[in-house]
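Trainee: Following this message is one structure expressed as C-alpha cells.
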Amino acid sequence: MASETTGGQIDATAYIKHHLQNLTWGQHPDGHWGIAHSAQEASDMGFWSINLDSMFWSISLGCLFCLFFWLCARKATTGVPGRFQNVAESMVEFVDNTVKESFHGKRDFVGPLALTIAVWIFLMNLMDLVPIDFVPEALKRGLGIEYMKIVPTTDVNVTMGMSLSVFALMLYFSVKMKGAKGFMAELTMHPFSADNKVVQIILIPINFFLEIVSLISKPISLGLRLFGNLYAGELIFILIALLPAFAQPWLSVPWAIFHILVIVLQAFIFMMLTIVYMNMAHEQH
C-alpha cells in the first residue's frame with residue numbers, strides 16, 4: 001500500500017490520514033446509522049459514534065488474556081510447571097511484589113486490578129509491532145473494509161476510558177474508606193490549614209480549587225500519556241513505511257526493537273500509577 005502513495009506529498013498525506021482513521025460506526029447527518037466511509041463522515045457522526053476497530057481489538061485481546069490465564073489455572077500443577085504456567089506465575093509474582101511495595105491495604109482487589117491493567121495494556125500496545133499495512137490491506141482486499149486501526153491504545157477514547165474507570169474507582173474507595181465527610185475534608189482542609197476558624201473558612205475555596213485541579217489532572221494525564229506515546233510510535237512506523245523499500249528495514253527494525261521498551265514501560269507506568277492512586281484513595285489521614 002505504501003508503494004502506491006510515494007509519488008508525491010499529496011499521496012503521502014492521504015496515506016497517513018488513512019492509517020490514522022478508525023473504522024467508525026454511528027448516525028449519519030441524514031439520520032441513518034452505518035459505517036463512516038471518510039474522516040469527514042466520522043467527524044459528522046459526533047459524540048455517539050463508536051470506533052469498531054478499537055472495540056474489537058481491545059475486547060479480543062482482553063478475552064485472549066482471560067483465556068490464557070484460565071488455561072494456565074486449569075492445568076496448573078504443584079510439580080514442574082510448564083512454559084505457560086511459568087510465564088503466568090512470573091507475571092503474577094511480579095505484579096504482586098509491586099503491589100506489596102506500593103499499596104498498604106488489603107490486596108484482594110488491587111492485585112487482580114493491577115495484573116489485568118498490566119497484561120491487557122501490554123497486549124494492546126504489542127499490536128503496534130504488527131507491520132503497518134498487513135492487517136488493513138488484508139481486510140480491504142478480503143472483506144472490503146476501508147479503515148482498520150489494530151492498536152487500541154492509539155485511540156484516545158480507549159485510553160481515556162480506562163483512565164476514567166480508574167478515576168471512578170478512586171472516588172468510590174475514597175468515599176468508602178474515609179466517608180463522604182472525610183473525603184470532602186481532604187479536598188477542603190489541605191494543603192493549607194489554620195487553627196483560627198475564620199482563616200480556615202477563608203482557605204476552604206483555595207484548598208478546594210488546588211485539590212480539585214490535582215484530582216482531575218490524574219485521569220487526564222494517565223490517559224493522555226499512554227495515548228500520546230503509542231500514537232507517536234505508530235506515526236513513526238507510518239512514516240517509515242513511506243520511505244523507499246530498500247530503506248525501510250534499516251529503520252523499521254531498530255525502531256521496533258526500541259519500541260518494545262516503550263510498549264512495556266507504558267503498560268508498567270499505567271499499572272504503577274493505578275496502584276499509587278488506589279493507595280491514596282485507601283489512606284486515612
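Trainee: In what sequence do Lys75, Lys140 fall when counting other Cβ within 10 Å, fewest first?
Mentor: Lowest to highest Cβ neighbour count: Lys75, Lys140.
Trainee: Still on this model: Please say if the range 207-280 is rounded, prolate or oblate, where rounded means a/c under 1.5 for a ≥ b ≥ c the square roots of the C-alpha gyration tensor eigenvalues, and otherwise the choice is prolate for a/b larger than b/c and oblate otherwise?
Mentor: Taking the square roots of the gyration eigenvalues as a ≥ b ≥ c, the range 207-280 is prolate.
Trainee: If you don't mind, another one. For the range 258-276 and the range 114-186, compute the distance between their C-alpha centroids and round to whole Å.
Mentor: Using only Cα atoms, the two centres lie 13 Å from each other.
Trainee: Once a ≥ b ≥ c are taken as the square roots of the eigenvalues of the Cα gyration tensor of the range 37-188, is the result rounded (a/c under 1.5), prolate (a/b larger than b/c) or oblate (a/b not larger than b/c)?
Mentor: oblate
Trainee: Based only on other Cβ atoms within 10 Å, what is the fewest-to-most ordering of Met278, Met127?
Mentor: Met127, Met278
Trainee: Taking amide H positions as placed 1.01 Å from N in the peptide plane, with prolines and chain starts having none, which residues 5 or more places from Thr24, or on another chain, fall under 5 Å of its amide H?
Mentor: Placed amide hydrogens put Ala36, Leu52 under 5 Å from Thr24.
Trainee: Can I ask one more? Which one of Leu64, Leu222, Leu143 has the biggest mean-square fluctuation once the chain is modelled by GNM with Cα springs under 10 Å?
Mentor: Leu143
Trainee: Starting with the highest mean, order 225-237, 252-264 by the number of other Cβ atoms within 10 Å, averaged over the residues of each peptide.
Mentor: Packing order, densest peptide first, comes out as 225-237, 252-264.
Only the coordinates and a few stated rules stand behind these numbers; no lab work does. Keep in mind that what you see is a predicted model, and the values were worked out from it rather than measured. Here Cβ is always computed from backbone atoms with ideal geometry, including for glycine, and neighbour counts include all displayed protein chains.
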